[in-house]
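Trainee: Shown below is the structure under consideration.
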Amino acid sequence: MRLAILAIAAGFIACTPAVLSAQDVTLPRLPSQLLDVVPPSTWVEGGPGQMVVRRGECRDFPTDQLRRRIVDIAVQEWAFFGFPVLDLRDGARLTPPGAFSGSESSPPQWTVGPRRTPPLGPQESARVASTIAGYWAATPQGPGIVREQNGSWNGPGGVAARWRAPWSAAFISWVMCEAGLGSPQTFQHAIAHWTYVDQAIRARDGGSPQAGFVAYDIGEAVVESGDLLCQSNRPAYRSLAERRRHLGGGARSHCDVVVEVDEDRERVLTIGGNVLRVVRLKIFPAPRDAAGKLRPESGEGRPLYAHLKLRADPIEPRAISNSATFQAPDCSNGAAPQLRMARALSRLDIEIPTSSGCR
């Protein structure tokens, strides 16, 4: 599969048209028979400026499916946003489609380098608007936030106006809602990460017996695909003990879904929302500690302070290769999405089973 993707990419480079729209270079979501996920865009109605939340229902799935579903859902959303990557080992970035300033006739940028990521253009902003609004719909405050965003879309910035509220916790909430942690007792869907971090801390301390996640300090427990890694910058926590002193109080923080643990290369791959404006994959360096366990580090960014471990059966550590997106890729859009996939996989050095093929 990997060789096939690279061959497609090589052919695409030779014959690429001068202009591509963002829609031409992203993967559509899988049909429900291949991945049973309700797209977030179906949780809202209307276009930017007139959008309203109609809210769907959270899903319930057996515990033994949770990790696989969390990874599959996060990977599918990453593909929908065009496979952007942030490598925390050296700051390199693969930018998402439509991330440019100026005319929509400009070709989408897909570059590697420690440069500032430009904002999304109007076309890509319009394409992902209902998806991000759907993430918000999984939170209790979602309808009000989408209503406020309509005001921004109707203002001078138009459809490309930046979201008024950071949506990273909304992304995590929607993933958990769709994966099977549907009730507040199992996961507190919220617009701020600290809400469900605190729930996991209470679970560790003997409370919240139904909570889906239990909190650990970084390096205290083995990181697995489907877990969450969390950072905070205001306050800048470095341990659960520091957060316990503020339990229940607001904090500016961020969490990502672990989608792959690479023991050989000493790295952990995660996917999070609103990472430089999109759903993006991060590469965390993870040197071994004295006990031989991988200990993920944030590089020069905000320190990691919490590892939320999922109370569910384990799956394979290197889980991206077996995700539904890569097991049954959609090639109907032609070579451009495969080029983006090839570039991302090349950077990540991920092997896809040769039995995979376009559906």
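Quick grid of which residues meet (1) of a type outside the set (Asp, Glu); (2) surrounded by 16 or more Cβ atoms within 10 Å (Cβ to Cβ); (3) at pLDDT 90 or above:
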| position | (1), (2), (3) |
| --- | --- |
| 18 | yes, no, no |
| 22 | yes, yes, no |
| 42 | yes, no, yes |
| 54 | yes, no, no |
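Trainee: Let me ask something else about it. Take segment 208-241 and flag every residue that is over 13 Å from residue 307 (Cα atoms), touching a residue at least 40 places away in the same chain (Cβ under 8 Å) and exposed (fewer than 15 other Cβ atoms within 10 Å of the Cβ).
Mentor: 233, 236
Trainee: Conditions first: (1) modelled with pLDDT of 95 or more; (2) within 16 Å of the chain's Cα centre (by Cα); (3) part of a loop (DSSP other than H, G, I, E, B). Residue 49 passes all but one, so which condition is the exception?
Mentor: In the conditions (1) modelled with pLDDT of 95 or more; (2) within 16 Å of the chain's Cα centre (by Cα); (3) part of a loop (DSSP other than H, G, I, E, B), residue 49 misses (2) alone.
Trainee: Tell me which residues, restricted to segment 155-188, are in contact with a Phe, Trp or Tyr (Cβ under 6 Å, 6 or more places away or on another chain) and part of a helix (DSSP H, G or I).
Mentor: 159, 170, 171, 174, 176
Trainee: Mind checking which residues of segment 63-106 are modelled with pLDDT of 90 or more and either over 21 Å from residue 172 (Cβ atoms) or of a type in the set (Gly, Ala, Ser) (or both)?
Mentor: If the condition is that a residue be modelled with pLDDT of 90 or more and either over 21 Å from residue 172 (Cβ atoms) or of a type in the set (Gly, Ala, Ser) (or both), then 64, 74, 79, 87 are the ones that fit.
Trainee: I'd like the residue in segment 32-43 that is in a loop (DSSP other than H, G, I, E, B) and in contact (Cβ under 8 Å) with a residue 60 or more places away in the chain and, out of all such residues, is farthest from residue 131 (Cα to Cα).
Mentor: Quick first cut of segment 32-43, residues in a loop (DSSP other than H, G, I, E, B) only: 32-39.
Imposing the further condition that a residue be in contact (Cβ under 8 Å) with a residue 60 or more places away in the chain reduces the set to 34-35, 37-39.
Numbers: 34: 20, 35: 17, 37: 13, 38: 11, 39: 8 Å.
Only one residue fits best here, namely 34.
Trainee: Of everything in segment 129-154 that's within 17 Å of the chain's Cα centre (by Cα) and outside any helix (DSSP H, G or I), which residue is farthest from residue 251 (Cα to Cα)? Spell out the reasoning first.
Mentor: Start the filter on segment 129-154 by keeping residues that are within 17 Å of the chain's Cα centre (by Cα), which leaves 129-139.
Filter again for outside any helix (DSSP H, G or I), leaving 138-139.
Working: 138: 20, 139: 18 Å.
So, considering only residues that are within 17 Å of the chain's Cα centre (by Cα) and outside any helix (DSSP H, G or I), the one farthest from residue 251 (Cα to Cα) is 138.
For every residue, the table says whether it meets (1) surrounded by fewer than 20 Cβ atoms within 10 Å (Cβ to Cβ); (2) touching a residue at least 12 places away in the same chain (Cβ under 8 Å); (3) of a type in the set (Asp, Glu).
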residue: 152; (1), (2), (3): yes, yes, no
residue: 156; (1), (2), (3): yes, no, no
residue: 165; (1), (2), (3): yes, yes, no
residue: 169; (1), (2), (3): no, yes, no
residue: 172; (1), (2), (3): no, yes, no
residue: 177; (1), (2), (3): no, yes, no
residue: 180; (1), (2), (3): no, yes, no
residue: 197; (1), (2), (3): no, yes, no
residue: 206; (1), (2), (3): yes, no, no
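Trainee: Here's something else I'd like to know. I'd like to check something: does segment 273-296 contain any residue that is surrounded by fewer than 14 Cβ atoms within 10 Å (Cβ to Cβ) and touching a Leu at 6+ places or on another chain (Cβ under 7 Å)?
Mentor: Filtering segment 273-296 for residues surrounded by fewer than 14 Cβ atoms within 10 Å (Cβ to Cβ) gives 287-292.
Within this subset, residues satisfying the condition of being touching a Leu at 6+ places or on another chain (Cβ under 7 Å) are 288.
Yes, segment 273-296 contains at least one residue that is surrounded by fewer than 14 Cβ atoms within 10 Å (Cβ to Cβ) and touching a Leu at 6+ places or on another chain (Cβ under 7 Å).
Trainee: On to the next question. So which residues in segment 254-270 are of a type in the set (Val, Ile, Thr) and within 19 Å of residue 212 (Cα to Cα), if there are any at all?
Mentor: In the first step, residues of segment 254-270 are kept if they are of a type in the set (Val, Ile, Thr); the result is 257-259, 261, 268, 270.
Scanning segment 254-270 gives 257, 258, 259, 270.
Trainee: Going through segment 129-186 one residue at a time, which ones are β-branched (Val, Ile, Thr) and touching a strand residue (DSSP E or B) at 6+ places or on another chain (Cβ under 7 Å)? Before you say what the answer is, go through the steps one by one.
Mentor: Going through segment 129-186, the residues β-branched (Val, Ile, Thr) turn out to be 131-132, 139, 145-146, 159, 172, 175, 186.
Scanning segment 129-186 gives 146, 172, 175.
Trainee: Looking at 3, 34, can you tell me which residue is of a type in the set (A, V, I, L, M, F, W, C) and modelled with pLDDT of 85 or more? So that I can check it myself, show each step before the final result.
Mentor: On the way: 3 fails: modelled with pLDDT of 85 or more.
Among 3, 34, only 34 is of a type in the set (A, V, I, L, M, F, W, C) and modelled with pLDDT of 85 or more.
The values are calculated or read from the model by the stated rules, or taken from the named source; none is laboratory data. Treat the numbers as computed from the prediction; the structure is a model and nothing was measured. Note that we place each Cβ from the backbone using ideal geometry, even for glycine, and neighbour counts take in every protein chain shown.
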